[in-house]
Amino acid sequence: QVMYVVGYLRVSVVTYAGNQILLAGNPYSAGFADDIGSAASFGGSIGGVVLDAVSNVLYVTDTENHRIRCVTTAGVVTTIAGWGSGLADGIGTMAAFDTPWGVALDAASGILYVADCHNNTIRNILAQPPTGSILHLTTPLPPSPVLPTHQLSSWRGLGVSSILMPSPLLDARTVTFSAALTPANT
């Protein structure tokens, strides 16, 4: 099991063991490039992310580039909609957004809903993910089932500080348990 985390200029994978692995983006330089891993780049803030678990792709809003991007779990970044600031309906890069922020996926229909912030609209995109994206991790998963002797790993909330979305207040480093961990109380 993994968690996908978006931050300034990058998308990362956080494993169950707490290891953070760069999936896509250049954490040192803003820009725009459809590419693989750190050769891909984002304009700055990534406003939202949603996982399509069926096709193993993430859809992210590249807020400052005014684009919707697809990130495979192998780190391949592709622009699926948008070309620059504006308001225009169209197919793929013929559409225009102005600061897209949140994104949600209706898995049954394959429709992405995008909050187009400065246009004050909710836009929809029929997503067609690339094929062949499979996640390969070398970090082993924890044993199953959870035994009473296992301890909760330390997780800290990772968020993007902004006016629109404050960072989450989550820090499990100091949590103590009054009873042994069992599948029923975990």
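The values are calculated or read from the model by the stated rules, or taken from the named source; none is laboratory data. Note that the coordinates shown come from a computational prediction; the quantities given were computed from them, not determined experimentally. Cβ coordinates were reconstructed from backbone atoms using ideal geometry, including for glycine residues, and neighbour counts include every protein chain displayed. Side chains included, ligands, DNA and RNA excluded: accessible areas come from the protein's heavy atoms. Shrake-Rupley method; radii C 1.70, N 1.55, O 1.52, S 1.80 Å.
Values for this structure:
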quantity: Pair list, Cβ under 9 Å, 6 or more apart: region 66-79 residue closer than 15 Å to residue 100 by Cβ, other residue part of a loop (DSSP other than H, G, I, E, B) and acidic (Asp, Glu); calculated: 66/98; 69/34; 79/34
quantity: Single unsatisfied condition, residue 100 versus (1) surrounded by fewer than 18 Cβ atoms within 10 Å (Cβ to Cβ); (2) in contact with a helix residue (DSSP H, G or I) (Cβ under 7 Å, 6 or more places away or on another chain); calculated: (1)
quantity: Candidates 78, 93, filtered to the one that is in contact with a Cys (Cβ under 6 Å, 6 or more places away or on another chain) and open to solvent by 30 Å² or more (accessible area, probe 1.4 Å); calculated: 78
quantity: Test: residue in region 4-17 that is open to solvent by 40 Å² or more (accessible area, probe 1.4 Å), over 22 Å from residue 118 (Cβ atoms) and more than 15 Å from the chain's Cα centre (by Cα); calculated: yes
quantity: Answer residue from region 34-49, given it is open to solvent by 30 Å² or more (accessible area, probe 1.4 Å) and in contact (Cβ under 8 Å) with a residue 24 or more places away in the chain and is nearest to the chain's Cα centre (by Cα) among those; calculated: 49
quantity: Out of 4, 28, 59, sole residue that is under 15 Å from residue 128 (Cβ atoms) and aromatic (Phe, Trp, Tyr); calculated: 59
quantity: Residues of region 35-69 that turn out to be among the small types (Gly, Ala, Ser) and in contact with an Asp or Glu (Cβ under 7 Å, 6 or more places away or on another chain), as a count; calculated: 4
